[in-house]
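Each remark here refers to the structure printed beneath this line.
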């Protein structure tokens with residue numbers, strides 16, 4: 001079973017699981033807004049997520065971002081370059097408006113990973129700002145890009161969807177923030193460092209309630225969205241209650257990141273029965 005474990009770890013370490021989670025959120029956006037997903041957009045987001053996340057995770061450790069001595073990381077680097085090439089191919093089939101949003105998001109990713117000042121090596125080391133930046137990039141990728149790509153007009157409901165997605169990502173980041181307490185330097189002043197684990201979980205519970213209640217502010221609200229958001233709300237509550245400082249190895253990196261994938265599966269099933 002050793003080779004299965006190695007494959008599974010590579011699946012997680014190479015950010016394939018993250019890419020599936022991102023694509024799931026894109027497809028959920030398409031489902032709620034009745035957008036027909038474009039093949040090039042879906043493939044671009046999937047292929048582009050892998051090198052982007054691997055650059056953030058491993059590029060920071062390689063001072064020149066190209067020369068990687070660790071053989072395992074080199075395998076992930078080669079894998080990332082292949083997927084970056086595939087993403088580049090599909091990128092050229094997208095509209096200029098999507099190109100602009102992608103440029104802005106790429107800039108934010110660069111600010112997250114690259115040194116920006118002598119005080120902060122990068123925004124990854126800036127505590128709360130780091131969390132907000134990650135949520136902003138995920139929201140832009142999974143809601144703004146699909147909306148721009150579809151050419152539908154922005155509306156009150158789309159604005160609320162963007163806000164909900166931003167809050168959702170903040171909630172999903174909480175188990176990672178609590179897990180990283182063991183590794184984060186004290187001067188980072190992350191949310192758990194500032195208010196403690198219990199209060200951070202309480203914050204997540206409060207944000208989950210806000211996330212759920214925003215659903216009922218929409219002008220055009222379907223049964224699918226009400227039931228889907230209710231189920232997701234319950235899943236988020238269970239996730240937060242299960243979150244511990246001393247987590248299992250795969251709790252955050254696999255189970256938490258599986259929530260968007262499972263949510264998409266639930267919505268597909270509900271759509272067929274409603």
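A few remarks follow.
- Computed lengthening from residue 266 to residue 129, 0.36 nm per intervening residue step minus Cα-Cα distance: 46.1 nm
- Protection-proxy order for peptides 14-25, 148-159, 224-235, each taking the mean of Cβ atoms within 10 Å per residue, highest first: 14-25, 224-235, 148-159
- Rg [Å, one decimal], Dmax [Å, integer] - segment 124-203, C-alpha atoms: 15.0, 45
- Projected label distance in nm at residue 156 and residue 182, using a 7 Å step from Cα toward the beta-carbon: 4.8 nm
- Simple spin-label estimate for residue 3 and residue 95 gives 4.7 nm between the two label positions (7 Å along the Cα-to-Cβ direction from each Cα).
- Each pair of Cα atoms in the chain enters the Kirkwood radius, and Stokes-Einstein at 25 °C and 0.890 mPa s then converts it into a translational diffusion coefficient of 125 µm²/s.
- In percent, rounded to a whole number, the relative contact order of segment 2-273 is 21, using alpha-carbon pairs under 8 Å and six or more apart.
- What the Cβ-Cβ distance of residue 249 and residue 71 gives, at R0 = 22 Å and to the nearest 0.05, is a FRET efficiency of 0.50.
- Note on residue 242 and residue 11: the extension gain reaches 80.8 nm, defined as 0.36 nm multiplied by sequence separation minus the Cα-Cα distance.
- P(r), alpha carbons of segment 174-274 - 5 Å bins starting at zero, rounded %: 2, 12, 20, 19, 18, 12, 9, 6, 2, 1, 0
- Sorting the segments 42-52, 250-260 by their residues' average number of neighbouring beta-carbon atoms within 10 angstrom, most packed first, yields 42-52, 250-260.
- Neighbour counts of C-beta atoms inside 10 Å place 270, 172 in the sequence 270, 172, starting with the fewest.
Coordinate-derived values only; no laboratory data. Since the model is a prediction, treat every value here as computed from it, not as a measurement. Please note: Cβ atoms are built from the backbone with ideal geometry, for glycine as well, and neighbour counts cover all protein chains shown.
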